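Asker: Sending over a structure as structure tokens; questions will come in a sec.
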Amino acid sequence: MSEKLIQVEHLKQYFPAGGFGKNKKFVKAVDDVSFYINRGETLGLVGESGCGKTTTGRTLLRLYEPTAGKIVYDNEVIFDSEKKIKANMLPYRRKMQIVFQDPYASLDPRMTVADIVGEAIDIHHLAANKQERYERIIEMLRRVGLNSEHANRYPHEFSGGQRQRVGIARALAVDPEFIVCDEPISALDVSIQAQVVNMFEDLQKEFGLTYLFIAHDLSVVKHISNRIGVMYLGHLVELADSYELTKHSLHPYTKSLISAIPVADPKIARSSSRIVLEGDVPSPLNPPSGCKFRTRCPYADERCAAEVPEWREAEKGHFVACHHFDQIQ
Amino acid sequence: MAEYLVDIKNERLSFFTPAGEVKALNDVSIHLSEGEVLGIVGESGSGKSVTAYSLMGLTAHPGKLIGGTLEFNGHYINDMTEKDMRKIRGNEVSLIFQDPMTSLNPVYTIGNQIEEVILLHTDKNKKQAHERAKELLELVGINEPEKRLKQYPHELSGGMRQRVMIAIALACEPKLLIADEPTTALDVTIQAQILELMMELKDKLGMAIIMITHDLGIVASMCEKIAVMYAGKIVEYGTTDEIFYEPKHEYTKGLLKSIPRLDAEEHERLVPIEGTPVDMLNPPKGCPFAPRCDSCMKICLREMPPVTEFGDTHYTQCWLNQKAQFEGGKVQ
């Protein structure tokens, strides 16, 4: 029985971007995003840079305070802008963790690996004494394929793949239930990426973890996720089962995203034709009216400019926000 | 008249760092005919960029060419002076860098930067250069070229900047274009635009392209031949079909297996290449891939394998293949 671990409703995250009083401008990094994640599943989030996928992940953990919306974790409301609920996050930090994108920037260069992993253990008082603390650190390092030798080294002594493992060990140190994986493999070499992806899968099986897996590489996301959400300019445009999404996508943006990925098979690559989108992503400071994708969409008409498309369930479990999805083949 | 446009033979290049000698390139041979597209794939530090840069005489200190011959379009790069090199660079061979954000000069307008190349290499005057710059921007698909020429790089998006870089590279209609991870910093939909543009321009202008990338998807769709590099060596070389459908080297096989496929019908576990890339300061004695290779034999750790050839276009450096051929009675 799938049970919803996380529910996000109408989440908004606006960042101030200059101007005063009435002229105050905002970047709507995340605008009215709703989704849920079942316990034990992986939800993938894809989109181009600047579409708000990282911000969604961080806002979900309240690393950024949401502008509006509601976040429910395990049937407990941790944020609700209408009822003005703001839960104390400390107990939740034990359950919700994050692995950051850049393993070079997210580890303090002046701390040893043992201290990086141990910091979380100290904050949450998970070890009664020094011996226990040390054992726990070593246990975490083993889980991610490192060993006790590595504990007293500094981050600069590790390769990119190993650093990312340290980042994962740090997240695992508090025995979380849910981990936001924010582009955890995009800074790694191709041959190392597969190692880390496999490790995420193994850890999930072993500890029953739930992931929000954020990446721009759709093929990796499809590989690891049960369901995938596609974002464009702060909006979710489509969300479905990962197989369903890659085979029977409904939104024109998803379609073009899939066709834009170069296939590592020369015969298929030669025979298939790409849908090449015109133009660039519009500035989030000055987004188009109505449907955000309409400036690049080959099917856009007046209605797309006037109305924001509704987020609706087109088929069971397949959500899409597009006026014309049923007419596009 | 030389047979090939590019002919690199047994190139050896080392970086003499305070920590010791790093053999960045070890016996690398590449040749390329006019109008051909060659892909060089490999992980970071495998020597793909160094190979291409050395062809332009752009080896950075403390790097030094210590062996082999480089020939390009009838020039012997080894013997050329810096002054002569300058005449070729940007004229007969040009380069597109990975990061369009940092490879354009922020304090000059787009127009300045395009015209600079034209004024340097042709006898066009300023006005003609301006006209040519406008043509070039149109060629790479930028609207309102007159307006764009007056803008600075920060006013353009990443995709646009990369188009400007391409315009600069093509200003003198080079015979060879080296593209060093031209789309790594770009989003997928923009990447598709840029790749499409490069192929279009190649057909129009007939130049040869060396495409440096780590993305096997890009080489599959663009290249005719592929060189797979690992630790400063070309471990396998062949046509695109040979590399993808009949890979011979364990590293190539591993790379192909380790990438997830978007069109996979069901969930298959990825097969990663275990271990970490080679420490170039202390490379293994034999085959550099041996410590990570599943089928590693004793001899692999001791000696570098010789080249095993399969037909005219396909070769690899691997003892396993040497063994197979020996058993098949082809090699003595």
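Asker: Once each part is reduced to its C-alpha centroid, what is the distance from the range B:246-296 to the range A:112-133 in angstrom?
Answerer: 36 Å
Asker: Also, I was wondering about something else. For the range A:53-104 and the range B:57-108, compute the distance between their C-alpha centroids and round to whole Å.
Answerer: Rounded to whole Å, the Cα centres lie 50 Å apart.
Asker: Please give the contour-minus-distance gain from A:E119 to A:Q327: 0.36 nm per residue of separation, less the Cα-Cα distance, rounded to one decimal in nm. Provide the component values of the computation, followed by the final result.
Answerer: Values: separation 208, 0.36 × 208 = 74.88 nm, distance 5.43 nm.
Using 0.36 nm per residue and subtracting the Cα-Cα distance, I get 69.5 nm.
Asker: For helix A:190-207, report the angle its Cα long axis makes with the longest principal axis of the Cα atoms of chain A; keep it between 0 and 90° and round to the nearest 10°.
Answerer: Rounded to the nearest ten degrees, it is 70.
Asker: Please compute the Cα-Cα pair-distance distribution of chain B with 20 Å bins starting at 0, giving whole percents from short to long.
Answerer: The percentages, shortest bin first, are 29, 55, 15, 1.
Asker: In addition: Please work out the FRET efficiency for the pair B:D203 and A:L63, using the Cβ-Cβ distance as r and a Förster radius of 35 Å; give the result to the nearest 0.05. Present the calculation step by step, with values, prior to reporting the outcome.
Answerer: Numbers: r = 49 Å, r/R0 = 1.39.
So, using R0 = 35 Å, E works out to roughly 0.10.
Asker: Return the inverse of the average 1/r over all pairs of distinct C-alpha atoms in the range B:107-181, which is the Kirkwood hydrodynamic radius, in Å to one decimal.
Answerer: Details: mean 1/r = 0.0809 Å⁻¹.
Evaluated over the range B:107-181, this radius sits at 12.4 Å.
Asker: Using only Cα atoms, figure out Rg for the range A:184-329 and give it as a multiple of 2.2 N^0.38 Å. Don't skip to the end; give the middle numbers.
Answerer: Details: Rg = 16.9 Å, N = 146, 2.2 N^0.38 = 14.6 Å.
That ratio works out to 1.15.
Asker: Listed here are the pairs A:K267/B:K323; B:K48/B:K248; B:K64/B:K202; B:K48/B:K285; B:K87/B:K150; B:K87/B:K126; which of them are more than 23 Å apart at the Cα? Each step should come with its number before you reach the end.
Answerer: Working: A:K267/B:K323 30 Å; B:K48/B:K248 20 Å; B:K64/B:K202 32 Å; B:K48/B:K285 21 Å; B:K87/B:K150 27 Å; B:K87/B:K126 19 Å.
In this structure, A:K267/B:K323; B:K64/B:K202; B:K87/B:K150 exceed 23 Å between Cα atoms.
Asker: Also, quick follow-up: Less than 18 Å apart at the alpha-carbon level, and either on another chain or at least 8 residues along: which aspartates and glutamates does that give for B:K204?
Answerer: B:E34, B:E36, B:E92, B:E135, B:E138, B:E173, B:E196, B:E224
Asker: Separate question: B:E250: net charge of surrounding residues, Cβ under 12 Å, Lys/Arg +1, Asp/Glu -1, itself excluded?
Answerer: Details: positive: B:K248, B:K253, B:K257, B:R292; negative: B:E236, B:E274, B:D294.
Residues close to B:E250 contribute a combined charge of +1.
Asker: Now for a different question. Using DSSP to call loops (not H, G, I, E or B), can you name the chymotrypsin sites (Phe, Trp or Tyr not before Pro) in the range B:1-85 whose Cβ has at most 16 other Cβ atoms within 10 angstrom? Don't skip to the answer; put the middle values down first.
Answerer: Working: sites: B:Y4, B:F15, B:F16, B:Y53, B:F72, B:Y76; in loops: B:Y4.
When the chymotrypsin sites (Phe, Trp or Tyr not before Pro) of the range B:1-85 are filtered for loop state and at most 16 Cβ neighbours within 10 Å, B:Y4 remain.
Asker: What's the Cα-based Rg to Rh of the range B:1-125, Rh via Kirkwood?
Answerer: On the way: Rg = 16.1 Å, Rh = 16.3 Å.
Across the range B:1-125, the Cα-based Rg/Rh ratio is 0.99.
Asker: Something else about it: Where q = 0.05, 0.07, 0.10, 0.12 Å⁻¹, what log10 of I(q)/I(0) comes from the Debye formula for the protein assembly as shown, counting one point per Cα?
Answerer: Here log10 of I(q) over I(0) equals -0.26, -0.52, -1.06, -1.42.
Asker: Given +1 on the Cβ of Lys and Arg, -1 on the Cβ of Asp and Glu, and no further charges, what dipole in debye does the range B:124-224 carry about its Cα centre, rounded to the nearest 20?
Answerer: Details: 13 positive and 15 negative charges, 130 e Å.
The calculation lands at about 620 debye.
Asker: Further question: Test of understanding: what is the full-extension gain from B:E138 to B:K9, defined as 0.36 nm times their sequence separation minus their Cα-Cα distance? Write out the running numbers ahead of the final one.
Answerer: Working: separation 129, 0.36 × 129 = 46.44 nm, distance 3.85 nm.
Difference between extended and current length: 42.6 nm.
Asker: Here's another thing I want to ask about it. Any idea how far the Cα center of the range A:144-195 sits from the one of the range B:178-207, in Å?
Answerer: Taking the Cα centre of each part, the range A:144-195 and the range B:178-207 sit 33 Å apart.
Asker: Could you check the spin-label model distance between B:F310 and A:H10? Points 7 Å from the Cα along Cα→Cβ, value in nm.
Answerer: 6.1 nm
Asker: If you don't mind, there's one more thing I want to ask. In nm, what is the difference between 0.36 nm times the number of residues separating A:K83 and A:Y134 and their Cα-Cα distance? Spell out each step's value before the answer.
Answerer: Details: separation 51, 0.36 × 51 = 18.36 nm, distance 4.29 nm.
So the extension gain works out to 14.1 nm.
Every number in this text was worked out from the coordinates using simple rules, so none of it is lab data. Please read these numbers as outputs of a predicted model, since none were measured by experiment. Reconstructed Cβ throughout: ideal geometry from the backbone, glycine too, with neighbour counts over all protein chains shown.
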